[in-house]
Structures are given as structure tokens and as C-alpha cells.
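Quick notes on the structure that follows.
The values are calculated or read from the model by the stated rules, or taken from the named source; none is laboratory data. Predicted model, so just to flag it, every value in this text is computed and none were measured. Cβ: placed from backbone, ideal geometry, glycine included. Neighbour counts: every protein chain shown. In case anyone asks, the SASA skips ligands and DNA or RNA and just uses the protein heavy atoms, side chains included. Shrake-Rupley method; radii C 1.70, N 1.55, O 1.52, S 1.80 Å.
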Amino acid sequence: MATFKIAIIGAGSIGFTKKLFTDILAVPELRDIEVALTDLSARNLEMIKAILDRIVEVNRLPTKVTATTDRLKALEGARYIISCVRVGGLEAYADDIRIPLKYGVDQCVGDTICAGGILYGQRNIPVILDFCKDIRAVAEPGAKFLNYANPMAMNTWAAIEYGKVDTVGLCHGVQHGGEQIAEILGAGEGELDYICSGINHQTWFVDVRLKGRRIGKDELIAAFEAHPVFSQQEKLRIDVLKRFGVYSTESNGHLSEYLPWYRKRPEEISRWIDMSDWIHGETGGYLRYSTETRNWFETEFPQFLEAAGKPLDHQKRSNEHASHILEALETGRVYRGHFNVKNSGVITNLPADAIIESPGFVDRFGINMVSGITLPEACAATCLASINVQRMSVHAAVTGDLDLLKLAMLHDPLVGAICTPEEVWQMVDEMVVAQGQWLPQYAHAIDGANERLSRATVKTREWNGAARRQVRSLDELRAERQAARAAG
């Protein structure tokens, strides 16, 4: 009999589920378990179960893998629940990007705050609360909820404050930023140490040490500007480093849409973005990438199945936190990572109710956060602007308060830098109407929003036309990128 059960919600995200699974099985003490997969897509479940069954078979493991579209059945008796869901899929996500662009709000990703992230939270939070209700009803008492889904802070905030479930949010932005710093400094394995603190996607490397020696602002700037790739891909991020004095975890594209300064004028955007990959700031970059690769697992399923036949001993464990947290909780081996939890005084100059991302240690007693961290004032100010948006967005999502949702949007740093209040009100009406099928809490407000849109006074086509004349089209940018690659 399996020692305990892990449920993965949204397991049809095949590549990520496989990564989590092989990470967990890299720990010998975690192999005699049941992993219950659940998703809305029976086809995706069928594919991922075949891959995981193959891994178990080849490695002769006692691990039990089950798959069901019945979420309650998957959660029954689970000690750990991992969520990696995207409510509304690409259909809703397209509206997160396209509708705000009509009003001049230019996003690269749109999944954290800004117009897209706020609406994404409105779709996800009711579902997250349904997960929490089911966890309380049928999971193992005291079950831990590990949330990987964006918008990370909003989802985790809702699960803790309203879902009343023991929840931690997990992201890999800190690890990726740390890898960049290690590369520019020429650090070998284990030679770089850092403290990174803030909120998800706005986390700051407040203390960086190479072989015990503290690395200051000037040395970091010089190293980034000397790097042949990062100096071009991370221009905005380096500019923030110069002005704030600390490096941000987030990519050029992510960071640009959390701040009010870099994407507010169409003619300025091209100064800061790099088209070598979507993550460096391309308009609608992640939507384009996701759309183009939406069925990649269908075409690459044979390769996934073939790779599943390799012994686990030869596969390197990833830097995702989940398996390390489970290992620490189950074995007592201490793990240090950066986790999304309720602040409660951990960061001294951020609100107690905010969801922060900061260092902590895990052992049998749980996740123990390092307290007493004070952010540099500019970092705290930037985080506070986002936290206020997140708080209003969470409360709006729970209550279905359309006026509060509009106020959250109005206070978003980038939206507020571009739009008038009248434009924000109309944009939110348009987004809520377009996404009504995923927004049950706003069902009472759809008719009113439709009526207001029928007599809307804000003109969007002219604004969008002007913006498109000033910003090169995606086709032109792609052609330029292909030409540059062909040139070497």
C-alpha cells in the first residue's frame, strides 16, 4: 500500500507534470506513493498517464499512477495537492492580451498583474476556492496545497484567506535569475549565494555573494553590460538595476508590464524589448508562443514516451521546489528555497496580509520563513503598488464586485499610466463580457456591462491604429529576427 498520495490538478500539462513526477521519484523515500492525475481533458490524461506508467515500469518502482477527470476522486485522501491550471485556456487568454491592446495597454505576458493578470485572477480564483472546498472535504487532514498556477500571488492569497487551506505558492523565477547572475560572474556550482525577497515576479536580489564576497551594484552592472547576450536581452532589467541598485528576478518582458515607465508610449517600447525570444518583451509574445505550440505534445508524444524509457538514475533533478519540499517534510532533510506565503511580518516594510516570495527552510515541522527582511525603499514601493492591486483583485474575484474590479484595474501601474478612468471602465466591461462564461461571480453584471458598451463613448480603433503605426508589426519583427539569425 502506498505510504501517501499526491494529487496533481491540471495534470494534462504534460511536460510540467512529467518534470514534477520524475523530480519526486528522484527521492527514494518518495517512490512508494500514489500519484493521482486529474484534468478536464481525458485525452491529455491518457497521454500523461502512459508516459508516467512507462517510467514506473522501466524503473521497476512501486509507485501507483491513477488518472481521472473526477477531481473529487483524485483528491480523496491526498496528503499533497499540486495545481498547475489555466482557467479559460488560450481562448480566454487571447482576450487578456487583445482587448487591452485596443486601449493602448501593451503586454508581453499578462499573467501576473496588469490588465491580463487581473482578469486571469478573476477566472482562476473561483476555481481555486472550489479546489480548497474539495481539499477540506476529502483530502487527508492538514493536507498541503502547492500552487504553481498564475497569477501566483492572487491565487495563493485567495486559497489562504478564503479557502482556509495550508497553501504555499511555488515559482522558478528566483532560480532562473540566480542562474543568470552565476553566469555573468563566472560562478561555479555552489559558489553563489543570495537572498532574494519581495513578491512573486517582483523579487529582488538584495544580497549576492560569490565565494562569500558580497557583490555590489557596480560590479553587477558591469558584468551584465559585458555579457554578449544578456546585455541585449535584458536592457530594461539592467536599467532597473542601475536605478534601484538591485537586480530583479523577472525577465525583460515580465518586468516591463509591472512598472509604469517602459511600455506606456508605443514609440518607446522598441527601445527596451529584444526579439531573440518572446520572453524579452514581444507584444503578446507568450500568447503567440502558446498558440503556435498549443499541440506540441500531440506531435512529440512518441519522443516523450521514448524518453520515459530511460532509467531515472541518469536524469538530473530540476530546480522546481515541489519535490524538495516533499522530501524535507517527509524525511526531515532541510531544504532552503524561496516560497510564496502570507507575509505576517516576514518582510518588515510590506503589509502583513500580502503574499510575499522570500527565503525559507523546510523540515518535518513545515515551512519556516526567514523573518526581519527589509527591502530597499524603491523595491518596497514597487511591490506595494502591485500588492494594492492584488488585494482589490482578490476581493473583487471573491465577491463579484465589478466596481472594485474596475478600481483594481485603475490602480494597476501600467494601466494607470496609459488609460483614463473612462477608458478603464469601458475596457473592464468589454473584458468581463467577452469572458463571461468563466466568470460566474459576475453573471449579475453582464447585462449592465453590455448595455453600457452599446452606448460607449470611448473610441478605441483610432488609438489602436495610431499605436500600430508607431510599433512595428509582429510580422515585421519576426522577419527581422529571422534575417538576423540567418546572418549569424
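With a requirement of 2 or more residues that are open to solvent by 30 Å² or more (accessible area, probe 1.4 Å) and under 30 Å from residue 11 (Cβ atoms), the helices (runs of 4 or more DSSP H) lying completely within the stretch 146-233 that satisfy it span 152-161, 173-185. Per the conditions (1) over 22 Å from the mean Cα position of the chain (by Cα); (2) modelled with pLDDT under 95; (3) of a type outside the set (Ser, Thr, Tyr), the sole criterion not satisfied by residue 327 is (2).
Scanning the stretch 243-272 for residues that are within 17 Å of residue 104 (Cα to Cα), touching a Phe, Trp or Tyr at 6+ places or on another chain (Cβ under 9 Å) and either without any contact (Cβ under 8 Å) to a residue 12 or more places away in the chain or part of a loop (DSSP other than H, G, I, E, B) (or both) returns 262, 263, 268. With respect to the stated conditions, residue 109 is among the hydrophobic types (A, V, I, L, M, F, W, C), open to solvent by less than 10 Å² (accessible area, probe 1.4 Å) and assigned to a loop (DSSP other than H, G, I, E, B). Of all residues in the stretch 314-355 being part of a loop (DSSP other than H, G, I, E, B) and without any contact (Cβ under 8 Å) to a residue 24 or more places away in the chain, which is surrounded by the fewest Cβ atoms within 10 Å (Cβ to Cβ)? Looking at the filtered set, the residue picked out is 316. All of (1) within 19 Å of residue 323 (Cα to Cα); (2) of a type outside the set (A, V, I, L, M, F, W, C); (3) open to solvent by less than 30 Å² (accessible area, probe 1.4 Å) hold for residue 32 with one exception: (3).
The single condition among (1) closer than 28 Å to residue 214 by Cα; (2) open to solvent by 20 Å² or more (accessible area, probe 1.4 Å); (3) over 21 Å from the mean Cα position of the chain (by Cα); (4) not acidic (Asp, Glu) that residue 272 does not meet is (1).
Quick grid of which residues meet (1) surrounded by fewer than 23 Cβ atoms within 10 Å (Cβ to Cβ); (2) more than 21 Å from the chain's Cα centre (by Cα); (3) on the phi < 0 side of the Ramachandran plot:
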site	(1), (2), (3)
357	no, no, yes
361	yes, yes, yes
365	yes, yes, yes
368	yes, yes, yes
373	yes, yes, yes
391	yes, no, yes
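Take the conditions (1) in contact with a strand residue (DSSP E or B) (Cβ under 8 Å, 6 or more places away or on another chain); (2) among the aliphatic types (A, V, I, L, M); (3) open to solvent by 40 Å² or more (accessible area, probe 1.4 Å); residue 52 misses just one of them, which is (3).
Can you confirm whether the stretch 330-337 contains a residue that is within 25 Å of residue 63 (Cα to Cα), under 26 Å from the mean Cα position of the chain (by Cα) and not β-branched (Val, Ile, Thr)? Yes. When the helices (runs of 4 or more DSSP H) confined to the stretch 409-456 are screened for residues that are open to solvent by less than 30 Å² (accessible area, probe 1.4 Å) and at pLDDT 95 or above, those reaching at least 3 such residues are found at 413-418, 421-434. When we screen 120, 103 for residues that are surrounded by 18 or more Cβ atoms within 10 Å (Cβ to Cβ) and touching a residue at least 40 places away in the same chain (Cβ under 8 Å), the only hit is 103.
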